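Read through the structure below, which is laid out as structure tokens, and then see the notes.
The values are calculated or read from the model by the stated rules, or taken from the named source; none is laboratory data. It should be emphasised that the depicted structure is a prediction, and the values quoted were computed from it without experimental measurement. When we count neighbours, we look across all protein chains shown, and the Cβ atoms used for this are built from the backbone with ideal geometry, even at glycine. Please note that ligands, DNA and RNA were not included when accessible areas were found on the heavy atoms of the full protein model with its side chains. Shrake-Rupley method; radii C 1.70, N 1.55, O 1.52, S 1.80 Å.
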Amino acid sequence: MLDAVLFDYGGVFTTSPFHAVGAYGAKLGVAPQAIIETVFGSYEHDTDHPWHRLERGEVALGPAIEEIVALGRARGFEADPLEFFRAMGGGGIHEVVVACARELRAEGFRTALVTNNAAEFREHWRRSLPLDELFDVVVDSSEEGVRKPDPRIFERALERLGGVAPSRAAFLDDHPGNIAAAQGLGIRGVLVGPEPAHAVAELDALLGRGRARA
């Protein structure tokens, strides 16, 4: 029996940059993994990469982008994160995940959003979801000064949900490194792929809800 569900934002409620990176790499003639490493750094570890510092609130968006562009140029290509996100546009919100979060909270599960994000994006993404309806707690890396996969961000979310034990919680994310970090604490992980309905069905089974979704 589980008491709480934690959700990532990007890649769970929206299109994942990791799933969309292939088309952008093809446009530049660059392998997808090279784009990911340049723009986002390693998502297996928390490092001093400019994107990681941006998500921890240690550097502003402008200087972070300048550093990332310089990293790309050193590898022989232009890697502007803003252009990358514009190329991803049009995916919209995954309503199947919104419905899932709303239903879980109505059923008595405690819910949290745990997102790696930049302070400059906060106003935009917070408008994209009815946060007060879906979540008891929102944990934003740029406000916390700590980001996934650092286990402290999960510990803070569980503490703010009333001290939920890790073994009584599940977590949905689109990157295996973040899932592994949560599982290291004892949280049950659900990896979200290009079809989020599959992850919702997996979560339903994990929670014993057993109801097929459209």
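Quick look at the numbers
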quantity	calculated
Which listed residue is farther than 19 Å from Leu207 by Cβ and either among the hydroxyl-bearing types (Ser, Thr, Tyr) or touching a residue at least 24 places away in the same chain (Cβ under 8 Å) (or both), from Ala101, Ala112, Ala118	Ala118
Subset of region 111-135 [basic (Lys, Arg) and over 21 Å from Arg147 (Cα atoms)]	Arg127
Leading residue by the ranking (surrounded by the most Cβ atoms within 10 Å (Cβ to Cβ)) among those in region 61-73 that are among the small types (Gly, Ala, Ser), over 20 Å from the mean Cα position of the chain (by Cα) and within 18 Å of Ser42 (Cα to Cα)	Gly72
Residue that is surrounded by the fewest Cβ atoms within 10 Å (Cβ to Cβ), among those in region 120-141 that are aliphatic (A, V, I, L, M) and over 18 Å from Pro17 (Cβ atoms)	Leu131
Verdict on Ala181 being more than 23 Å from Ile93 (Cα to Cα) and either of a type outside the set (S, T, N, Q) or over 19 Å from the mean Cα position of the chain (by Cα) (or both)	yes
Of all residues making up region 44-60, the number that are crowded, with 17+ Cβ neighbours inside 10 Å and out of contact with any Lys or Arg (no Cβ under 8 Å at 6 or more places or on another chain)	6
Answer residue from region 74-101, given it is open to solvent by less than 60 Å² (accessible area, probe 1.4 Å) and among the aromatic types (Phe, Trp, Tyr) and is modelled with the lowest pLDDT among those	Phe84
Residue pairs meeting the criteria (Cβ under 8 Å; at least 6 apart or on separate chains; first of a type in the set (Val, Ile, Thr), in region 69-85; second open to solvent by less than 70 Å² (accessible area, probe 1.4 Å))	Val69/Ala79; Val69/Asp80
One residue from Leu61, Leu28, Leu82, Leu2 being closer than 23 Å to Arg152 by Cβ and aliphatic (A, V, I, L, M)	Leu2
One residue from Leu203, Leu172, Leu191 being at pLDDT 95 or above, of a type outside the set (Val, Ile, Thr) and within 15 Å of His19 (Cα to Cα)	Leu191
